[in-house]
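A quick write-up on the structure given underneath.
The values are calculated or read from the model by the stated rules, or taken from the named source; none is laboratory data. No experiment lies behind these values; they were computed from the predicted model shown. Here the Cβ is made from the backbone with ideal geometry for all residues, glycine too, and neighbour counts use every protein chain on show. To get the accessible areas, we keep the full protein, side chains included, count just its heavy atoms, and leave off ligands, DNA and RNA. Shrake-Rupley method; radii C 1.70, N 1.55, O 1.52, S 1.80 Å.
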Amino acid sequence: MIDQQMSLRGGAARLPVRPRTGRLLVLAAVFVCAACGLVYELELVALASYLIGDSVTQASVVLSVMVFAMGIGSLLAKRLRCRAAVGFGMIEAALALIGGSSALVLYASFAWLGDSQYALVGFSLAIGVLIGAEIPLLMTLIQRVDRQDAGGAVADLFAADYVGALVGGLAFPFLLLPMLGQLTGALFTGAVNAAAGGALVLWVFRRDLSARSRWLLVLANVSVIAVLATATVLVDDFERAARRAVYGDQVRVAVQTGVQEVVLTGADRDSLGLYLDGRLRVSARDEYRYHEALVHPAMNGPRARVLILGGGDGLAAREVLRYADVRAVTVVELDPAVTRLARTDPALSELNGNAFRDPRLTVVGADAFPWLRADHGRYDVVVSDLPDPGITASTKLYSAEFYGLVAEALAPDGRLVVHAGPLGARPQTFWTVEASVRAGGLATRPYRVTGRYAGFAASPDRGGGEDRGQEDWGFLLAAPGEAPQAALAAGGPEPRSLRGPELREGARAAAEARLPGLLPSTLVHPRYWEDA
């Protein structure tokens, strides 16, 4: 009689725990697996944004492909409901292996193949299919443990799933990423995933498994955890090898900050390269051309108080501090690790002329946008030395609203200079920046300067730097009222290579290349879509 009653409850007599306990264990597994699934998703988005660029596009690709694949996985799981326990166990083992190794493989494809887009789509598809297959099988298992109405079972499953996703979403940026990094964090998550899925099936549902299925699951989970553990032990060697493939053999410093990855290459100041998130931001071979063209035209006029937005490497500050009549320079840099390296690294500090030791210079660690919203007085010169506008994280710093804040920070006769990207390679981006500056209430004067390695400020430089030939930088001078002239500063120091006729010719060439009719970029309608 008791066996018949237990059988009516969905076969609970074969379980080693009470139905209520079994139900809680299934929901706990749902919680852990949901947390792991969201971590895989965030890992893909974060690493793709770093490796490929444009976080909005990469997040859209990952999320849309994964949600589509989840639907496919749910349909495929219908065939496994008759063997729900072993099916769920194998799916979790596969998900742990694929999700745990996804960041490693994605980084390897970028380092050695130069392209990780296809790997990104492949992992999003595979992980989505496996995550989508979980819920139908878990629904079968929870009904197997403690039969209840379908609505109640669905409510319990989705509650555990959503709470687990919340925990995973918070754990990724606040625990896994800062403590373990992207690669080790993904491997650790995969091991937790395999342990949770395997423990549930091999303990709670072990009586539903044949001897062959039981050993198959044990072998699969032990193998997955062993592979992930081995990869964790070797991850440091892998990172060093991958960095050599990306940056060349002369990597001296590699730091993952809370903002970005910072890499310094080169043995001395003459061969130094500074990379931020895989993009070469400073090349000692040609950086003086860029920073002279950025700073000196803007210094033509009053210049007692100067504000530098970005420029944590100190190279723009070096040029500003060459003017004896500059009384105060403020550098607003988001990442304190960059300014710390600029102070302490022998090659970089030599390149920037030890600018951070100058008593006239003050460093502020802050996001430039909210910092400008507070009143810090008026500046004679504002130098915008920020990452390129095509990089999504920087889009707000090239918006009309941002330039409106800059206009408020300028003295009545002050000037703004903006690096707006290469005019020749990305004209639409350049002229969208110009339209945005004008929308902020400033009159503009575009100009361009060529340089043999002019692409360094925007483009990844594979293998330590190949010769890309003659390229250009595009700049915008702006001021309240009348547009300033593109000319060298009167009474200032002589630039190393920049000359007045070159500036005038650069302004003429830029004016002739104008693209009319472009709309400004705003916070709610960003318009920078060209590849960064």
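The distance linking the stretch 163-189 with the stretch 490-508 is 51 Å (Cα centroid to Cα centroid, whole angstrom). Sorted largest first, the principal axis extents computed over the alpha-carbon atoms of the stretch 256-356 equal 39, 28, 21 Å.
Which whole-number percentage describes the relative contact order of the chain, with Cα contacts under 8 Å and a sequence gap of 6 or more? If you can, show how the numbers build up before the last one.
On the way: 1023 pairs, mean separation 72.4, N = 532.
Normalised by residue count, the contact order of the chain is 14 percent.
The candidates I225, I142, arranged from most to least accessible area with a 1.4 Å probe in the full protein assembly, appear as I225, I142. May I ask you to list the chymotrypsin sites (Phe, Trp or Tyr not before Pro) in the stretch 283-340 that are in a DSSP loop and have at most 13 other Cβ atoms within 10 Å of their Cβ? Within the stretch 283-340, no chymotrypsin sites (Phe, Trp or Tyr not before Pro) qualify (loop, at most 13 other Cβ atoms within 10 Å).
Shape class of the stretch 68-162 from the Cα gyration tensor (axes a ≥ b ≥ c, square roots of the eigenvalues): prolate, since a/c reaches 1.5 or more and a/b is larger than b/c.
Centre-to-centre separation between the Cα atoms of the stretch 237-298 and those of the stretch 329-380: 18 Å. Helices of the chain meeting both criteria, an alpha-carbon length of 15 angstrom or more along the long axis and an average Kyte-Doolittle score not below -0.5, with helices taken as full DSSP H segments, are 19-51, 55-77, 84-108, 117-145, 150-171, 177-199, 211-247, 427-439.
The share of accessible area on the stretch 334-374 that comes from carbon and sulfur is 52 percent, using a 1.4 angstrom probe.
Dimensions of the stretch 181-269 from C-alpha coordinates, computed as largest minus smallest value along each principal axis and given longest first, are 68, 24, 15 Å. Taken over the alpha carbons of the stretch 216-309 as equal point scatterers, the Debye sum produces base-10 log I(q)/I(0) values at 0.12, 0.21 Å⁻¹ of -0.61, -1.06.
Accessible surface computed residue by residue for the chain, with neighbouring protein chains in place and a 1.4 Å probe, gives 42 Å² per residue.
When you count the other C-beta atoms within 10 angstrom of each residue and take the mean per peptide, 129-136, 102-109, 308-315, 177-184 line up highest first as 308-315, 129-136, 102-109, 177-184. Averaging the sequence gap over all C-alpha pairs within less than 8 Å and six or more residues apart, then dividing by the number of residues, gives the stretch 76-209 a relative contact order of 46 percent. Amide H contacts for R252 (H built 1.01 Å from N in the peptide plane; partners 5 or more residues away or on another chain; cut-off under 5 Å): L264, T265, G266.
Under the Kirkwood approximation applied to all pairs of distinct alpha-carbon atoms, what is the hydrodynamic radius of the chain in Å?
25.8
The Cα-based radius of gyration and maximum Cα-Cα distance (Dmax) for the stretch 490-532 are 16.5, 43 Å.
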